[in-house]
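Input: a single structure, listed below in structure tokens.
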Amino acid sequence: MLFLMNDVVLSLEVTQLTPPVSSDRFAKLSLTYVGELAKELFAEEPLLHRKDPERAMRIAALIVSKAPEVNSALIIAPARGCRVEQVAVRYAQIGVDVMAALMQTQKVGLLTNVEADRMVWHRLAA
């Protein structure tokens, strides 16, 4: 499964989608809780999706486990070490065609935050 985190397309394996904790404990986690966990991690390292792809994939797997329709997340921290409250999280469901285009663009080394924004997040639109 492909998952867009900010401007990086991650390839999640089925085994990554298996909850890392017992099913009872995992069932109690909400998407809001997973979002708070993501905020904490991105507050520590705003470029987590680039610098620690394994951790980013675990967060993505948790998101998908709680909301299977979601296949992309925008997690923005203004600076390293910022307050968790300053980190913004946004989820989206993007089509297979857009995800394939993003993956192809990434494979040739041309996927940038501006390109991902243009195709998915639309933050820079005037």
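Here, each number is a calculation from the coordinates, and none is a lab measurement. Predicted model, so just to flag it, every value in this text is computed and none were measured. Methodologically, a virtual Cβ is constructed for each residue, glycine included, from the backbone with ideal geometry; neighbour enumeration extends over all protein chains shown.
Could you list Thr32, Thr105 so that the one with the fewest beta carbons within 10 Å of its beta carbon is first and the one with the most is last? Each step should come with its number before you reach the end.
Values: Thr32 10, Thr105 16.
Fewest-to-most ranking of Thr32, Thr105: Thr32, Thr105.
I need the Kirkwood Rh of the stretch 38-105: take the reciprocal of the average 1/r across all distinct C-alpha pairs and report it in angstrom.
That comes to 12.7 Å for the stretch 38-105.
For the stretch 65-71, in order, what is each residue's ³J(HN,Hα) by Karplus, 6.51 cos²θ - 1.76 cosθ + 1.60 with θ = phi - 60°, in whole Hz (x at glycine and Pro)?
Here the 3J(HN,Hα) series is 5, 8, 9, x, 6, 7, 10 Hz.
Is it possible to state the helix-based mean residue ellipticity at 222 nm for the chain, with each DSSP H run of 4+ residues giving -39500 (n - 2.57), the sum divided by total residues, to the nearest 500 deg cm²/dmol? What is it? Before the final figure, lay out each step's value.
Details: 6 runs with 53 residues, N = 126.
Mean residue ellipticity, 222 nm, calculated: -12000 deg cm²/dmol.
Between Arg118 and Val98, what length in nm is gained on full extension when 0.36 nm per residue of separation is reduced by their alpha carbon distance?
On the way: separation 20, 0.36 × 20 = 7.20 nm, distance 1.11 nm.
Result: 6.1 nm gained on full extension.
Say we join alpha carbon atoms closer than 10 Å with springs in a Gaussian network model of the chain; which of Leu102, Leu62, Leu111 then has the biggest fluctuation?
Leu111
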